[in-house]
1. Cβ neighbours within 10 Å, averaged per peptide: list 79-88, 370-379, 149-158 in order, most packed at the top.
2. Taking the Cα centre of the chain as origin and charging only Cβ (+1 Lys, Arg; -1 Asp, Glu), how large is the dipole, in debye to the nearest 20?
3. State which entries of K74/K252; K167/K252; K74/K250; K256/K305; K250/K305 exceed 21 angstrom in Cα-Cα distance in the structure shown.
4. Can you give me the Cα centroid spacing of segment 291-352 and segment 69-111 in angstrom?
5. Equivalent-ellipsoid semi-axes (√(5λ), Cα gyration tensor) for the chain, whole Å, largest first?
6. Test of understanding: in a Gaussian network model of the chain with alpha carbons linked when under 10 Å, which of A264, A97, A119 would top the mean-square fluctuation ranking?
7. Fewest first, what order do M245, M310 take by the number of other Cβ atoms within 10 Å?
8. L270 to E67: FRET efficiency via 1/(1 + (r/R0)^6), r the Cβ-Cβ distance, R0 22 Å, to the nearest 0.05?
Amino acid sequence: MPDISQYYNIEDLRRGAEQRLPRAIFDFFDGGSEDEITLRDNRAAFHRWCLLPKVLQDVSAIDSTCEIVGRPAKYPLVIAPTGGIGMGRPGADLAIARTAANLGIPYTLSTNATASIEAIAQQASGRLWFQLYVLQDRGFMEKLIARAEAAGFEALIPTVDLAVGGKRERDFRNGFSTRFKPQLRHYLKGMRKPAWALSILANGGLPDFINIRGYRGSEQTGETLASSVARDTDPAFNWDDLARMRDRWKRKLIIKGVSRVDDAMRLVALGVDGIWVSNHGGRQLDGAIASFDAMTAIAAAVGNKVSVIMDGGIRRGADLFMIRALGGEAGAIGRAGLYGVAAGGEQGARRALDILTDELIRAMQLCGTPRIADITPDLVGRRPA
Ligand SMILES: Cc1cc2nc3c(=O)[nH]c(=O)nc-3n(C[C@H](O)[C@H](O)[C@H](O)COP(=O)(O)O)c2cc1C
């Protein structure tokens, strides 16, 4: 493994992950749906804006603390849920969760995680949120909610942009789209990535999607891949079901996968605590609006009524600055942390978070904003054509 300090930005970590992982797994992490227009536009949306820095401010001391969903946080940064990441490196979920806890960053565990709800609660001490896929088997789903409740998770995050699975063509091409049974070609390709192959061998094989093990009586193992989960989500889930979920879950409820202002307003009326603007990192509906564009409109409409979080395309600390400037409470990262842990284990996860938080602090200094509250809308503008 290269010296971790040689990774200077998130793109370096992405390349490190690409070198270490078999193509099928890297593509599952890195790819989006169909033409990957939304995937690319999530990143490009930040570039349509520019910073308008103030000079001659005392920026000798920077305070990046803020509130996220009513509680203090060290940075305007959250870890987004990513399923199946133990396939890239066994123990990946816990590595990110522990790193986030050490840095005061809320961590969201995926329904499809390769670590259990209980193990994360026992071994990572920070703020923990649980992301919920809406499963057709409502009894099984209720058990997941009860487990997150019993384990002390602070927030429940139903993901609502996955009524059906996105068309992820890289996965199809790699033979990764159905219940994944490694074939000879996968083993042969895996051997070309010896560090990865040895870590999987030492783990006794690919890790389980442990929280949904036994779903509908079928033993779901690591070989039955995430895309299959889309088959198990419930396309009938609607506003009435969500209202019932609001009644049932008394702690923080944050709805992930929102892109429209009218949906956001309806969620506010329904009494949610947070709106998580997201298009699933460009992995679901290709052609959907970029997250940052959606967020600016939604934050302007809902104001301070609820917390607005967004994910999609965050690769630089300055992205978090722009999110704050335009009314978001925090940015969440999926792939950035995932590339880090895939490239360099727990150290790599730490490196990813250090890169983003260092860049945020530098942006605050160079923009003349010593506190998060100083980051006001006048500090960003549309990039001139
Ligand atoms: C490999 C991978 C797995 C993901 N798994 C989930 C998941 O289980 N649940 C979910 O709500 N979102 C999932 N997402 C979407 C992320 O939570 C997030 O919306 C997205 O990654 C943000 O974009 P970014 O990767 O550009 O930061 C996943 C994303 C990736 C890349």
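1. Numbers: 79-88: 25.6, 370-379: 15.8, 149-158: 19.3.
The most tightly packed comes first, giving 79-88, 149-158, 370-379.
2. Numbers: 50 positive and 44 negative charges, 110 e Å.
Roughly 520 debye, rounded to the nearest 20.
3. K167/K252; K74/K250
4. If you average the Cα positions of each part, the centres end up 13 Å apart.
5. Each semi-axis is the square root of five times an eigenvalue, giving 31, 25, 19 Å.
6. A119
7. On the way: M245 21, M310 31.
Starting with the residue having the fewest Cβ neighbours, the order is M245, M310.
8. Values: r = 22 Å, r/R0 = 1.00.
That pair, L270 with E67, gives E of 0.50.
FYI, it's all coordinate maths here, none of it is from the lab. Fair warning: this is a prediction, and the values are worked out from it, not measured in the lab. Positions of Cβ are generated from backbone atoms using ideal geometry, with glycine treated the same way; all protein chains shown enter the neighbour counts.
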